[in-house]
Structure formats: structure tokens, C-alpha cells
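The values are calculated or read from the model by the stated rules, or taken from the named source; none is laboratory data. Keep in mind that what you see is a predicted model, and the values were worked out from it rather than measured. Using ideal geometry, Cβ is built from the backbone for each residue, glycine included, and neighbour counts are taken over all protein chains shown. To get the accessible areas, we keep the full protein, side chains included, count just its heavy atoms, and leave off ligands, DNA and RNA. Shrake-Rupley method; radii C 1.70, N 1.55, O 1.52, S 1.80 Å.
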Amino acid sequence: MPKPDPQLPLGTSSTLRGLSETFSFHASPESFITSRILDFHKEHPQLVASRTVIRAKVLNRDVAVVSSHAQISQVLRDESSQYEACGAYNELMAPFFPSPNLLLTDGAQHRHMRNIWEAKISALRADSVSLVQELTKHHFEAALFGSEVDIYECMKTLSWKILLGVFLRLDFSDPLFTTIASLQEDLLRGQFSVFPVSINAGFWSSPRRKGVDAKKKLQGLILDHLESKKSACPFSAPDSNALEDLANHTLLITSSLATKAMASLLTALCLNLYLHEGKGEGGQTAAEELLSQNDIERCSGRLRSILLETERLSPPIVGIMRRSTGNNVISSPAEEADVLVPKGWDCWLYFVGGGRDPAAVGPTWDRFDPSRYHEDGRTPEGTAFGAGPKTCLGKNLVRGMALSVATTWLRMGLRVEGKITARGVRGWLGWERNDAIRPEDWAADMKQLPTQRPSKPVMVRLVRSEK
């Protein structure tokens with residue numbers, strides 16, 4: 001039977017309903033998408049394994065929400081020239097990050113800028129390992145051992161220390177550290193305000209207005225810091241134009257969004273290492289198994305596998321956006337109609353779906369398997385860092401930082417005591433089968449914008465091993 005002609009995604013085009021959809025998506029993307037996929041499956045039970053492209057009206061935009069691994073790869077890698085980042089992000093990002101920057105450029109301009117920054121980041125990677133290990137050790141030794149903490153807040157503070165330490169050589173005790181972190185929080189709140197309106201009434205400013213003001217202050221503070229303390233900059237700046245570019249990109253790299261993304265990744269990694277109900281020999285946790293390994297190379301490979309599995313199931317950033325520059329067609333599997341994405345529509349690439357696609361991962365797509373990327377070379381990596389020519393520039397740097405943090409935990413003899421009971425959090429980690437987690441559980445237990453994290457404190461006790 002021939003395939004049907006390409007069709008618009010399943011969903012609504014109502015502007016009135018779009019207001020409701022905006023709030024629904026903002027509250028819980030996973031609940032928003034899952035509920036629509038479930039409705040589709042009720043009508044088409046034979047397609048239950050597919051991650052259907054969903055049509056939505058969000059912030060008055062026509063949006064195709066893409067959540068299968070193959071279709072995300074098609075948009076970001078195979079046909080990347082037919083989609084642009086700038087148009088999709090301009091309203092959301094441009095007022096808050098100095099241009100030109102890597103995020104808001106496409107084509108030749110992006111390639112030129114990326115070549116310059118890839119060399120800078122590559123040189124920084126090796127130099128950052130010892131600093132990250134030192135910061136991690138001091139962070140946990142200072143006051144945390146023996147105490148009960150909200151694990152996400154603990155990792156967020158550590159992430160601020162790492163990013164501001166690596167890129168600005170700022171110490172946690174420096175007043176400038178607190179000022180920059182606070183302004184970055186203002187910037188993020190303005191950027192992700194549900195109503196993107198900039199108002200300054202003298203006695204009151206809208207979150208967006210505060211965010212724009214924070215950007216201007218951050219530009220000046222970071223540039224002054226780099227000019228006055230050459231040692232504060234890990235990159236070389238031969239002239240004033242290069243220094244300004246460094247300052248502008250440092251503002252982007254040390255954003256609250258980047259910090260929260262790292263905190264999300266470290267939170268999930270820590271919980272998977274120490275609290276996942278062990279299925280290894282003797283019911284050991286992943287951390288206990290790693291500590292019992294005498295083979296350093298095998299231990300390193302297994303730790304990397306756990307990190308990749310954490311990325312697959314729990315990507316810190318739920319997705320990214322692209323805008324269709326023509327009437328593009330996204331391929332669909334089997335006999336399903338291909339998807340038409342008209343010119344001017346946005347594609348929202350949903351990384352949570354891409355990492356949990358049965359067609360890419362197989363029957364255990366919804367379960368955390370610490371050995372998946374160590375013993376099985378067939379499973380593709382998740383899409384946490386994107387794909388194609390605009391793959392996240394910090395992919396290898398962030399992975400190196402996360403592995404350095406985890407290695408330090410193991411060397412310090414860190415132990416984590418606690419129990420994860422919230423069903424949405426367990427679903428986020430891949431500790432429960434997907435069909436056991438309702439959309440309401442995701443909505444109640446997880447925040448997913450701007451990054452994924454538990455919506456309520458996850459309290460654990462940090463102790464030092466007696467060994």
C-alpha cells in the first residue's frame with residue numbers, strides 16, 4: 001500500500017485554545033505531549049510504539065513537537081540546512097544574550113564562530129579537570145558530610161562554583177560571584193516569563209524588563225573583570241574586539257540556564273550512582289560496584305556508560321527549537337503519513353522523547369541500565385546535546401566535568417542515604433516502567449522548563465564511607 005501524502009501534524013490550530021496550550025506546555029511538557037500521544041494511540045492502537053509528531057499552538061506560534069530519535073536527527077543533522085535556530089530563538093533569547101553568538105547564528109557565520117570556539121573549549125578541557133575535582137572536594141568537605149540536603153540545590157551550588165570558577169576564576173567567597181549569580185537568575189526569569197512583556201513603571205518592573213537590565217549589567221561586570229584580571233580569563237584575547245567576544249560568550253556559558261542544566265545532570269547522575277535499587281551482584285549500587293573494580297579502564301568505561309544512560313533518560317534541557325525555512329517534510333516510519341512542516345512553523349525537538357524512543361533503544365527503552373553503553377554498542381546516544389552542525393559546543397567539556405565530579409565522589413568515599421518515592425522523579429530517572437507513570441505524576445513531581453528537575457526537594461543524607 002503506498003504511503004499517504006504528507007500531512008500536517010495531529011493537533012489544534014485554534015488561537016483561543018493556543019492560550020490554554022501555552023500554559024499546559026509551560027506547566028509540564030511531558031504531560032502535555034504524553035497526553036496527546038495517548039489520545040492518538042487510542043484512535044490508532046497499531047501505532048502504539050511510535051512517537052507521533054504533535055501540532056500545538058504555543059505563544060501564538062504554530063509548532064510541530066518532534067519526539068522520535070530518527071526525526072530529531074533528521075531535523076538537526078540530515079536536513080539541518082532547511083531549519084534555522086535564529087528565527088526560532090530570536091524573541092526568546094536575543095534580548096538577553098549579546099550578539100553575535102553561537103546560539104543565535106546559522107550557516108557560514110555560525111561555522112566561522114564555531115571553529116574559533118571549538119579550539120578554545122578543546123584547550124580548556126584538560127586544564128579544567130583538576131580545578132573541577134578540587135572544587136567538588138571542597139564543596140562536600142566544607143559542611144555537607146553528615147548533613148541532610150536537597151540534592152538538587154546542593155548540585156546547583158556546586159555547578160555555580162564550577163562554571164564561575166572555570167570560566168572566570170571566581171571564588172565562591174568573592175562578592176562578584178554572588179552578584180553575577182544573582183543577575184543571571186534575574187536574566188533567566190525574564191527570559192522564561194510566560195508573558196514576554198517588558199514594562200518598567202518606576203516602582204515595579206516586569207520580569208522581562210529586569211532580565212534585559214541584568215544582561216546589560218552582566219556585560220559590563222564580566223568585561224571589567226576580564227580586563228582587570230587577565231588571569232581570570234582562561235582564553236587568550238589579542239585585542240579589544242576579541243575580549244568583548246569572550247565576555248559576551250562567557251555571559252552565555254555561565255548563564256543560570258547552563259548552571260541549572262549542569263545541576264540537573266549531576267543530580268540524576270548522583271541518584272543513579274548511589275540510590276538506584278542495585279541489580280548487580282549482591283544488590284550493590286552502581287557506586288559500590290565501581291569501587292570494587294580493580295580494572296581502572298573497565299571502571300572508567302562503566303562510569304561513562306552510567307553518564308550516557310543518565311543523559312538518555314534524563315536530559316537536562318528538555319529540547320531545543322528550530323524554524324522551518326521552507327515547506328519541509330519529516331519522514332515517518334512504516335506506513336504512517338510523512339509530516340508536513342510549513343514554512344515559518346517552529347519545530348520543537350523534544351529530547352526526552354528522543355532518548356526514550358523504542359525504535360532506537362529497544363524494549364528496555366524506559367529503564368535505567370547502567371551497563372547499556374558499556375556492554376551494548378548498538379544503542380545510539382540520547383539527544384541531550386543536540387545533533388548535527390549545531391551540536392552543543394560544550395558537550396565533551398560538560399561530560400568531562402560530570403565524570404570528574406563523579407570520580408571525586410568515589411575517591412572521597414561519598415555515600416548517599418535516602419529513598420526516592422515520588423513517581424514522577426522515579427520516571428524521570430528510568431526507575432519505573434513508563435506505563436506505571438501517569439502524565440499527572442510528571443506534572444506533579446517534575447519541573448521541565450527551563451530545565452528538568454524535581455519540583456519538590458529530594459532530601460538525602462551525605463556521609464563518608466567508613467572504608
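Of all helices (runs of 4 or more DSSP H) completely enclosed by the stretch 339-428, which ones contain at least 3 residues that are not hydrophobic (A, V, I, L, M, F, W, C)?
351-355, 372-375, 395-412
Give me the residue from the stretch 447-467 that is of a type in the set (D, E, K, R) and crowded, with 16+ Cβ neighbours inside 10 Å and, out of that set, modelled with the highest pLDDT.
Within the stretch 447-467, the match that is modelled with the highest pLDDT is Arg453.
In this entry, Ala287 passes the filter for residues that are touching a strand residue (DSSP E or B) at 6+ places or on another chain (Cβ under 9 Å), modelled with pLDDT under 95 and surrounded by 15 or more Cβ atoms within 10 Å (Cβ to Cβ). Selection over the stretch 393-446 of residues that are within 25 Å of Lys161 (Cβ to Cβ), within 21 Å of the chain's Cα centre (by Cα), without any contact (Cβ under 8 Å) to a residue 60 or more places away in the chain and surrounded by fewer than 21 Cβ atoms within 10 Å (Cβ to Cβ) gives a count of 1. Select from the stretch 205-241 the residues that are touching a strand residue (DSSP E or B) at 6+ places or on another chain (Cβ under 9 Å) and open to solvent by less than 30 Å² (accessible area, probe 1.4 Å) and list them in ascending order. Within the stretch 205-241, just Ser206 meets the criteria.
Listed conditions (1) among the small types (Gly, Ala, Ser); (2) in contact with a strand residue (DSSP E or B) (Cβ under 6 Å, 6 or more places away or on another chain); (3) at positive phi are all met by Gly388, apart from (2). With a requirement of 2 or more residues that are under 26 Å from Gly165 (Cβ atoms) and in contact with a Lys or Arg (Cβ under 7 Å, 6 or more places away or on another chain), the helices (runs of 4 or more DSSP H) lying completely within the stretch 218-296 that satisfy it span 256-274. Filtering the stretch 174-196 to residues that are at pLDDT 95 or above and over 16 Å from Leu252 (Cβ atoms) leaves Asp174, Pro175, Leu176, Phe177, Thr178, Thr179, Ser182. The set of residues in the stretch 302-337 being buried (at least 16 other Cβ atoms within 10 Å of the Cβ), over 25 Å from Ala258 (Cβ atoms) and of a type outside the set (A, V, I, L, M) consists of Arg302, Ser324, Asn328, Ser332, Glu336.
Of the numbered criteria (1) among the basic types (Lys, Arg); (2) under 25 Å from Leu273 (Cα atoms); (3) surrounded by 21 or more Cβ atoms within 10 Å (Cβ to Cβ), the one Arg298 fails is (3). For the stretch 379-390, indicate whether the set of residues that are crowded, with 17+ Cβ neighbours inside 10 Å, more than 30 Å from Ala126 (Cα to Cα), under 21 Å from the mean Cα position of the chain (by Cα) and not charged (D, E, K, R) is non-empty. No, the conditions are met nowhere in the stretch 379-390. Looking only at residues in the stretch 118-133 that are open to solvent by 50 Å² or more (accessible area, probe 1.4 Å) and within 20 Å of the chain's Cα centre (by Cα), the one that is modelled with the highest pLDDT is Glu118. Inspection of the stretch 314-321 identifies at least one residue that is in contact with a strand residue (DSSP E or B) (Cβ under 9 Å, 6 or more places away or on another chain), farther than 27 Å from Asn272 by Cβ and in contact (Cβ under 8 Å) with a residue 24 or more places away in the chain. Within the stretch 134-156, the set of residues being surrounded by 17 or more Cβ atoms within 10 Å (Cβ to Cβ) and either at pLDDT 90 or above or part of a helix (DSSP H, G or I) (or both) comprises Leu135, Thr136, His139, Phe140, Val149, Ile151, Tyr152, Cys154, Met155, Lys156. In this structure, does Gln109 turn out to be more than 24 Å from Leu252 (Cβ to Cβ) and part of a helix (DSSP H, G or I)? When the stated conditions are applied, Gln109 does not pass them.
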